[in-house]
Amino acid sequence: MGTEELLCLAKMGDKAAKEELFLQYRPLLISRSMIEGRFCEDLFQELSITFLRCIDGFHVDETKLGRK
């Protein structure tokens, strides 16, 4: 399943789609949670929350997916 379709499903409340998106982007979130070469759990949590909130606000062109 592609990212756009996962985003669309997640925006409609599909928890599994939201989780799949999070798992796909988790390595990026982890890499951005490093401060001076050390993993910062607090930063990871904040980035994770922001990422999940951004899913809800992200615009997906549903016409590309055959939906209206």
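How do C54, C8 stack up against each other in accessible area, from largest to smallest, with a 1.4 angstrom probe?
On the way: C54 75, C8 0 Å².
Putting C54, C8 in descending order of accessible area: C54, C8.
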Would you mind giving the average projected area, over all directions, of the Cα convex hull of region 23-63 in nm² with one decimal? 3.4 nm²
So for the pair E41, L23, with labels modelled 7 Å out along Cα→Cβ, what separation do we get in nm? 2.3 nm
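Calculate, for the chain, the solvent-accessible area per residue in square angstrom, rolling a 1.4 angstrom probe over the heavy atoms of the protein chains. Walk me through the numbers before you get to the answer.
Working: 5110 Å² over 68 residues.
It amounts to 75 Å² per residue over the chain.
Where the only charges are on Cβ atoms (+1 Lys, Arg; -1 Asp, Glu), what is the dipole of the chain about its Cα centre, to the nearest 20 debye? Write down the numbers at each step before the final one.
Numbers: 10 positive and 12 negative charges, 33 e Å.
For the chain, the charge dipole is close to 160 debye.
Can you send over the carbon and sulfur percentage of the accessible area for the chain, probe radius 1.4 Å, protein chains only?
On the way: 2780 of 5110 Å².
C and S fraction of accessible area: 54 percent.
The values are calculated or read from the model by the stated rules, or taken from the named source; none is laboratory data. A quick note: this is a predicted structure, and the numbers were derived from the prediction, not measured. We place every Cβ from the backbone using ideal geometry, glycine too, and count neighbours over all the protein chains shown. Areas reflect the complete protein model, heavy atoms only, side chains present, ligands, DNA and RNA absent. Shrake-Rupley method; radii C 1.70, N 1.55, O 1.52, S 1.80 Å.
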